[in-house]
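The values are calculated or read from the model by the stated rules, or taken from the named source; none is laboratory data. Just so we're clear, the structure is a prediction, and the values are computed from it rather than from any experiment. Heads up, the Cβs are rebuilt from the backbone with ideal geometry, glycines too, and the neighbour counts pull from every protein chain shown. Note: areas computed on protein heavy atoms with side chains; ligands, DNA, RNA excluded. Shrake-Rupley method; radii C 1.70, N 1.55, O 1.52, S 1.80 Å.
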Amino acid sequence: MAQPEAGPIYDFRAVAEADLPVIAGWLALPHAAAWWGDPVTEIASIREHIDSDSVEPLIVELAGRPVAYLQSYDPHLEEDHPYADQPFGTLGIDLVIGPPALTGIGHGPAIVTQFTEALFEEGAPRVIADPHPDNGRAVRAYEKAGFRPLGERSSHYGRVLLMAIDSPEGDFEE
């Protein structure tokens, strides 16, 4: 998977309590609110995950400025997770770009590509994402980052299009 030529380089850092109001503001904006849950509920969940082993909440920064929220999770660390059928070591990601002016101009695929490559370097065999099937912008962003659809599913997350990208090393069995 090639990095975007001369594309931006993003920094990923752990979410701190001080970031939660910023994330809440992003989740309340129309481009995010259509696909994420109630900001109060989402922030409560993110707060719980700050010290979690199963979910890693991250702020994505560009030139030192927060531009997105990204979470990485291990579906095998949560009891009865609907994606526990994925190969052991698979990690999932969710992303929301905060400022509306930064949506639709390539940041989504670039962030996902950079982060996914880092997960592969750390040994993840597969990375999955689960956008709503009607969220065309998210589906296209993941496709541009190399993800392929595995199929639609329904779970306690609602209707999703499970998508995956496999490590170039390909050292896992399905």
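Which of (1) modelled with pLDDT of 95 or more; (2) at positive phi does Glu117 not meet, given it meets every other one?
(2)
Residues to consider are Glu48, Glu17, Glu79; find the one that is open to solvent by 30 Å² or more (accessible area, probe 1.4 Å) and touching a residue at least 12 places away in the same chain (Cβ under 8 Å).
None of the others qualify; the one that does is Glu17.
Being in contact with a strand residue (DSSP E or B) (Cβ under 6 Å, 6 or more places away or on another chain), surrounded by 15 or more Cβ atoms within 10 Å (Cβ to Cβ) and within 27 Å of Ala28 (Cβ to Cβ) narrows it down to one residue among Ala164, Ala68, Ala141, Ala145; which is it?
The conditions single out Ala68.
Which of the residues that make up segment 89-110 are closer than 30 Å to Glu169 by Cβ and of a type outside the set (Gly, Ala, Ser)?
Result: Thr90, Leu91, Ile93, Asp94, Leu95, Val96, Ile97, His107, Pro109.
Testing Ser155 on (1) within 20 Å of Tyr10 (Cα to Cα); (2) among the small types (Gly, Ala, Ser); (3) touching a Pro at 6+ places or on another chain (Cβ under 8 Å); (4) open to solvent by 10 Å² or more (accessible area, probe 1.4 Å), one condition comes back false. Which one is that?
(1)
Looking only at segment 53-76, which residues are free of Cβ contacts under 8 Å to residues at least 40 places away in the same chain and within 16 Å of the chain's Cα centre (by Cα)?
Ser54, Val55, Gln71, Tyr73, Asp74, listed by residue number.
Quick one: in segment 135-174, of everything that is on the phi > 0 side of the Ramachandran plot and part of a strand (DSSP E or B), which residue is modelled with the highest pLDDT?
Per the criteria, the residue is Gly151.
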